[in-house]
Protein chains: 2
Amino acid sequence: MATRLLRVPPPEELLRPLAVPERLLLGPGPSNVPRRVQAAGGRQILGHMHPEMLQVMDEIKAGIQYAFQTRNRLTLAISGSGHSAMEAALFNLLEQGDTVLVAINGIWGQRAAEIARRLGANVCELLKPPGKYFTLQDIEQGLVQHKPLVLFITHGESSSGVLQPLEGLGKLCHRHGCLLLVDSVASLGGAPIFMDQQEIDVLYSGSQKVLNAPPGSAPISFSERAREKLLRRKTKPLSFYLDMGLLANYWGCDGEPRRYHHTAPINSFFSLRESLAMLAERGLENSWERHRANCTRLCQGLLAMGLELFVEEEKARLPTITTVKVPEGYDWKDITAFLMKNRGMEVAGGLGPTVGKVLRIGLMGCNSTSDNVDRVLRALQDALKRCHRSRL
Amino acid sequence: MATRLLRVPPPEELLRPLAVPERLLLGPGPSNVPRRVQAAGGRQILGHMHPEMLQVMDEIKAGIQYAFQTRNRLTLAISGSGHSAMEAALFNLLEQGDTVLVAINGIWGQRAAEIARRLGANVCELLKPPGKYFTLQDIEQGLVQHKPLVLFITHGESSSGVLQPLEGLGKLCHRHGCLLLVDSVASLGGAPIFMDQQEIDVLYSGSQKVLNAPPGSAPISFSERAREKLLRRKTKPLSFYLDMGLLANYWGCDGEPRRYHHTAPINSFFSLRESLAMLAERGLENSWERHRANCTRLCQGLLAMGLELFVEEEKARLPTITTVKVPEGYDWKDITAFLMKNRGMEVAGGLGPTVGKVLRIGLMGCNSTSDNVDRVLRALQDALKRCHRSRL
């Protein structure tokens, strides 16, 4: 039947079995996946328009509304990683020439600025060194100076380990006619956030951090104010895949009959549904408290070892990811390699502006336990004994 | 610790267990997932930059090169559905003002034209009624008239059930200084395609059709000619998430050290790896022959029942998805609803230009068996007995 002959043979390496070692993932994400969420991801699939699937999507929507503390009807999960949710937010909120103010104190602000530039927005930057957060005064100066339509800010800066205070920010933005867009990929479920009460206009997160689902889906929600900006657009969003109007219909957010838009990642949604169910069962407040307590225990342990934390102010430390300075006489790569090789444990180096300066230890969702704190502290102690390089 | 009180309570529906019924998915996709691929998707995850994960990605790359019959080094899987691969192809190949000729004989051409328009390309359309394919003469006329830089065409038109002949098309395009972009989402593994020998410049597919992996990852490959067009771009692609230059680095296609770009959907990649391994074990030629034989058996059965096939010419019928006209006196929705309710079986109605006109029966990958052919024919016979509506 084929008119031609195969010239590329079946690859040898695919004839060997899939090899996946066990790892304790204490980096900045992904985190480990609990058995129940894994099992959901391994189930037989459904059609993407079957009523039972639409029901699962409705449940995800309710779960996100709980996790975000919002009643926004335009709430759904993007079919991609947290990064694609960042693009979805910017692609939909901004049109060519719109002014956006991006608060940059680590890699996520840098990325948001890069994406906004690609789509032709007028990008203004508000800068702080990694490890620092923005005060209301910093933000107000930026708003007055640049008169942006949208402010982008990161709640959990996973590259530096900073938790950005959000109280008062929404009100401030609204007083200046600006929408507030918040990245909570690394913080959601690990630190308090109240989308409606804090007047956040667009909030997104990822599945693979505190939620402990595999990467590949990303919660997002738009306030009424943000939705009105979408309705006022003069041009269509550049991406059809990430067009919130079309997604809103597919997710049943617009009151219209649901139409096919794209084939959703069914199993990723099963996993996300289960991870949101586990968060609902545990309760947000318990989850926040657990992350706070284990982060405190970790920080105390690190300080007791004579190490220095990268974020000086205690209240500015992200409860999900702790950054500790690479001590003198060490190469960070030796330490992470030792932990990976000898303990099957992931601890990460820096990212973007913190490369070479810090180690990043993540305790997220089911990985945030006192046992894991003790385990990583012991392992780190062993690593420091073995990896000293001074006089090289 | 939280300064505010929760106002959105944990949703009731999330406290109930996840409910997923068993289904035989004989629509246009997704198709059922074999146990081995399911198991891979349910495994514990790895970090997205761990050497074992990069190894899995290398194996996926080799598997795609086999499935596509290409030696292109710029070969990888997009972290999204087949639809996002369509966007990746267009976002990277086209710049504002570039002329693209889109061959439209169903929904996929319509979508490609819509996406290309959003990104500011000069879109010319070449039209055929659904159920028909394009001849070399049709295409040559379009190339001469519009002088496009890129031609988009669909190999397996899943909305109409048409298989587009590709022989000679690449050569023709190249004679006219045009790149050939082919959508093989619904056909890959089910009908012969030889990317290199047929001089296809960009080819993409999805995971959830013949490959029998869950939706959420999408194979794509660029020829050297296409890669050169990417290198000549004056502007960056609009999407950072789908930027092939950045993805090429993350996938080890550019010879540089791999850098973090986004968090890949680890489990989707595990599943895709296993489904590509199964295809390599079975052999492409066996897979093509299996789809051909079962499609022929299905068509004969449908004709024997007195039904009429939507695609008249036998050689133009897509071996993976068969379109049959809705017989007079029936509403298609009654038939699909009967099959779903009483047989747990998905058969789909039309899509886009074929809505209301056809039923679509998919036999893809592990679902392409003679047992399934007999099962769907019997079920359809029962449905036709029960669902007659004449004189309503």
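Return the residues of region A:31-43 that are buried (at least 20 other Cβ atoms within 10 Å of the Cβ) and among the hydrophobic types (A, V, I, L, M, F, W, C); say none if nothing qualifies.
A:Val33, A:Val37, A:Ala40
How many residues does region B:5-30 hold that are open to solvent by 50 Å² or more (accessible area, probe 1.4 Å) and more than 7 Å from chain A (Cβ to nearest Cβ)?
Total meeting the criteria: 5.
Given the criteria farther than 30 Å from A:Phe270 by Cβ, out of contact with any Phe, Trp or Tyr (no Cβ under 6 Å at 6 or more places or on another chain) and of a type in the set (Ser, Thr, Tyr), does B:Thr263 qualify?
So B:Thr263 does not fit the description; no.
If a residue has to be part of a loop (DSSP other than H, G, I, E, B), over 18 Å from A:Arg343 (Cβ atoms) and either within 7 Å of chain B (Cβ to nearest Cβ) or touching a strand residue (DSSP E or B) at 6+ places or on another chain (Cβ under 9 Å) (or both) to count, how many in region A:31-40 make the cut?
So the answer is 1.
Looking at A:Lys229, A:Lys236, A:Lys147, which is the one that is surrounded by fewer than 24 Cβ atoms within 10 Å (Cβ to Cβ) and at positive phi?
One residue alone meets the criteria, A:Lys147.
Taking the options A:Ser184, A:Ser217, A:Ser221, name whichever one is of a type in the set (Ser, Thr, Tyr), in contact with a helix residue (DSSP H, G or I) (Cβ under 9 Å, 6 or more places away or on another chain) and more than 24 Å from A:Leu172 (Cα to Cα).
Only one candidate qualifies: A:Ser217.
Quick test of your reading of the structure: B:Gly350 fulfils all but one of (1) open to solvent by less than 40 Å² (accessible area, probe 1.4 Å); (2) more than 14 Å from chain A (Cβ to nearest Cβ). Name the failing condition by number.
Only one criterion is unmet by B:Gly350, namely (2).
So, in region B:57-69, exactly how many residues are at the interface with chain A (Cβ under 7 Å from one of its Cβ atoms) and open to solvent by less than 20 Å² (accessible area, probe 1.4 Å)?
5
Of everything in region A:246-260 that's touching a helix residue (DSSP H, G or I) at 6+ places or on another chain (Cβ under 7 Å) and surrounded by fewer than 21 Cβ atoms within 10 Å (Cβ to Cβ), which residue is farthest from the other protein chains (Cβ to nearest Cβ)?
Here the residue is A:Asp254.
Which one of these does B:Val202 not meet: (1) within 30 Å of B:Pro327 (Cα to Cα); (2) away from chain A (no Cβ under 13 Å); (3) under 23 Å from the mean Cα position of the chain (by Cα)?
(1)
Among the residues of region A:41-55, write down those that are assigned to a helix (DSSP H, G or I) and facing chain B (nearest Cβ under 7 Å).
If the condition is that a residue be assigned to a helix (DSSP H, G or I) and facing chain B (nearest Cβ under 7 Å), then A:Gly41, A:Glu52 are the ones that fit.
Does B:Ile64 qualify as being of a type outside the set (Asp, Glu) and within 30 Å of A:Cys366 (Cα to Cα)?
When the stated conditions are applied, B:Ile64 does not pass them.
With open to solvent by less than 10 Å² (accessible area, probe 1.4 Å), in contact with a Cys (Cβ under 7 Å, 6 or more places away or on another chain) and of a type outside the set (Ser, Thr, Tyr) as the only criterion, which of A:Leu203, A:Leu169, A:Leu188, A:Leu180 stands out?
A:Leu180
So which of B:Glu114, B:Glu87 is open to solvent by 10 Å² or more (accessible area, probe 1.4 Å), within 12 Å of chain A (Cβ to nearest Cβ), among the acidic types (Asp, Glu) and in contact with a Phe, Trp or Tyr (Cβ under 7 Å, 6 or more places away or on another chain)?
B:Glu114
How about region B:353-392: which of its residues are in a loop (DSSP other than H, G, I, E, B) and open to solvent by less than 30 Å² (accessible area, probe 1.4 Å)?
Residues satisfying the conditions are B:Leu363, B:Met364, B:Ser368, B:Cys387.
So which residues in region A:353-372 are touching a residue at least 24 places away in the same chain (Cβ under 8 Å) and within 11 Å of chain B (Cβ to nearest Cβ), if there are any at all?
Selection gives A:Gly362 alone.
Which of the residues spanning region B:216-226 are more than 9 Å from chain A (Cβ to nearest Cβ) and either within 23 Å of B:Ser268 (Cβ to Cβ) or open to solvent by 10 Å² or more (accessible area, probe 1.4 Å) (or both)?
Within region B:216-226, B:Ala218, B:Pro219, B:Ile220, B:Ser221, B:Phe222, B:Ser223, B:Glu224, B:Arg225 meet the criteria.
Looking at A:Ala213 and the list (1) in contact (Cβ under 8 Å) with a residue 12 or more places away in the chain; (2) open to solvent by 10 Å² or more (accessible area, probe 1.4 Å); (3) within 13 Å of chain B (Cβ to nearest Cβ), which single condition is not satisfied?
The single condition A:Ala213 does not satisfy is (2).
The values are calculated or read from the model by the stated rules, or taken from the named source; none is laboratory data. Keep in mind that this is a model prediction, so the values were computed, not measured. Heads up, the Cβs are rebuilt from the backbone with ideal geometry, glycines too, and the neighbour counts pull from every protein chain shown. Please note that ligands, DNA and RNA were not included when accessible areas were found on the heavy atoms of the full protein model with its side chains. Shrake-Rupley method; radii C 1.70, N 1.55, O 1.52, S 1.80 Å.
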